[in-house]
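Report on the structure given below.
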Amino acid sequence: MLPKVALLLFFVLPHAACTSAPAPAPMSQEEDATQFIRARCGATRYPDLCFTSLSLYAADVHRSPVRLACLASNVTLGHLLSLCSHVSALRKAGAGREAAALRDCTDTLGDAADQVGRTTSELGRLQDPLERSEVAWRVSNAQTWMSAALTNEDTCSDGFQDVGGGGTSAIEADVRRRVEKVKQYTSNALALVNSLVDRR
């Protein structure tokens, strides 16, 4: 599990790496970037969620697949950190096997947040002039970490199997629902990272 300070740093710092403080775009350029985001999101598993969560950053994207993937990763990180905090708070209400599942879930979600944070930082470095071999290496790293984050999110949900002795508690249902939502953001971000391989 990540320390709280480390989680905060992962949430704050990567956004600057994604955006590189671009100048505000004229409306026509922003509209063009919005259409670019819609088209790129069309290749994800959850295109509507992808578009609604990323279109607000059209002025930062500038029709850059790298910036879009970086921002998608950063948005995913924000949702993961919020979920980590929520599950951690629920540990006080859990008991027995459910409390153990909540503890394990908090740890695995912390690992997922670490991996998504690493992905965001790695994608941020792609905006510098780089050799083709280094680009391929960094994208491969990003794919590995984002895939691992999805696995950890699945592990969190799987940890609640048979915890309720055949029934599903309100806490379990709440955590599973929230994890499934975060997995949609993670899946979309991974799809956008994967698309970087096709274009290079």
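The values are calculated or read from the model by the stated rules, or taken from the named source; none is laboratory data. Not measured: the values here are computed from a predicted model. A quick note on method: Cβ atoms are made from the backbone with ideal geometry, for glycine too, and the neighbour counts reach across all protein chains shown. Protein only, heavy atoms only, side chains kept; ligands, DNA and RNA dropped before computing areas. Shrake-Rupley method; radii C 1.70, N 1.55, O 1.52, S 1.80 Å.
Hey, any hits in region 89-104 for a residue that's touching a Phe, Trp or Tyr at 6+ places or on another chain (Cβ under 7 Å) and in contact (Cβ under 8 Å) with a residue 40 or more places away in the chain? Among the residues of region 89-104, at least one is touching a Phe, Trp or Tyr at 6+ places or on another chain (Cβ under 7 Å) and in contact (Cβ under 8 Å) with a residue 40 or more places away in the chain, which makes the answer yes. Just checking, does region 101-117 include any residue being open to solvent by 40 Å² or more (accessible area, probe 1.4 Å), assigned to a loop (DSSP other than H, G, I, E, B) and either at pLDDT 95 or above or more than 23 Å from THR76 (Cβ to Cβ) (or both)? No, region 101-117 has no match at all. When the residues of region 15-29 are filtered to those that are not in a helix (DSSP H, G or I) and not hydroxyl-bearing (Ser, Thr, Tyr), the one that is modelled with the lowest pLDDT is ALA21. For region 157-184, the set of residues classified as open to solvent by less than 30 Å² (accessible area, probe 1.4 Å) and at pLDDT 95 or above consists of VAL179, VAL182, listed by residue number. Within region 30-45, restricting attention to residues that are part of a loop (DSSP other than H, G, I, E, B) and open to solvent by 60 Å² or more (accessible area, probe 1.4 Å), the residue that is farthest from HIS62 (Cα to Cα) is ARG45.
The rows are residues; the columns are (1) in contact with a strand residue (DSSP E or B) (Cβ under 8 Å, 6 or more places away or on another chain); (2) within 18 Å of VAL179 (Cα to Cα); (3) in a helix (DSSP H, G or I); (4) open to solvent by less than 20 Å² (accessible area, probe 1.4 Å).
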residue	(1), (2), (3), (4)
ASP60	no, no, yes, no
ARG63	no, no, no, no
LEU68	no, no, yes, yes
ASN74	no, yes, yes, yes
LEU80	no, yes, yes, yes
HIS86	no, yes, yes, no
LYS92	no, no, no, no
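Contact annotation: residue pairs with Cβ atoms under 6 Å, 6 or more positions apart or on different chains, pairing a residue in region 105-123 that is in contact (Cβ under 8 Å) with a residue 12 or more places away in the chain with a partner that is open to solvent by 10 Å² or more (accessible area, probe 1.4 Å) and charged (D, E, K, R), are GLU122/ARG138.
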